[in-house]
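Bear in mind these aren't lab numbers, they're just calculated from the coordinates by the rules spelled out. Fair warning: this is a prediction, and the values are worked out from it, not measured in the lab. Here the Cβ positions follow ideal geometry from the backbone for every residue, glycine too, while neighbour counts run over all protein chains shown.
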Ligand code: SF4
């Protein structure tokens, strides 16, 4: 299992994560930041667990994020 911790308040709305994994990220029309679909808010972070086969795609999204606010952790 992989856990993503996404620090949404620092998002600069560049679309990179949405381009890599639109099934997991989308842009908010309200504030121009991306959001992690169906994640849980914990403090400043949005958290979601994913199955192992999603790792490569999620890792690419994290590496492409210029704000470095997508963190992956293997559980
Ligand atoms: S790649 Fe990073 S900065 Fe760009 S929209 Fe996604 S989370 Fe925000």
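State yes or no: is residue 60 in contact (Cβ under 8 Å) with a residue 60 or more places away in the chain and within 13 Å of the ligand (Cβ to nearest atom)?
no
Residues that are surrounded by 12 or more Cβ atoms within 10 Å (Cβ to Cβ) and in contact with a helix residue (DSSP H, G or I) (Cβ under 7 Å, 6 or more places away or on another chain): find the strands (runs of 3 or more DSSP E) completely inside the chain holding 2 or more of those. Full working, then the answer.
Working: elements: 2-6, 25-27, 34-36, 40-42, 45-50, 70-74.
Of the strands (runs of 3 or more DSSP E) lying wholly inside the chain, those with at least 2 residues that are surrounded by 12 or more Cβ atoms within 10 Å (Cβ to Cβ) and in contact with a helix residue (DSSP H, G or I) (Cβ under 7 Å, 6 or more places away or on another chain) span 2-6, 25-27, 34-36, 45-50, 70-74.
Pull out all pairs, ordered by first then second residue, where Cβ-Cβ is under 7 Å, the residues are six or more apart or on different chains, the first lies in segment 1-20 and is more than 13 Å from residue 57 (Cβ to Cβ), and the second is more than 8 Å from the ligand (Cβ to nearest atom) and outside any strand (DSSP E or B).
Qualifying pairs under 7 Å: 1/51; 1/52; 1/75; 3/75; 6/39; 7/44; 9/44; 13/32.
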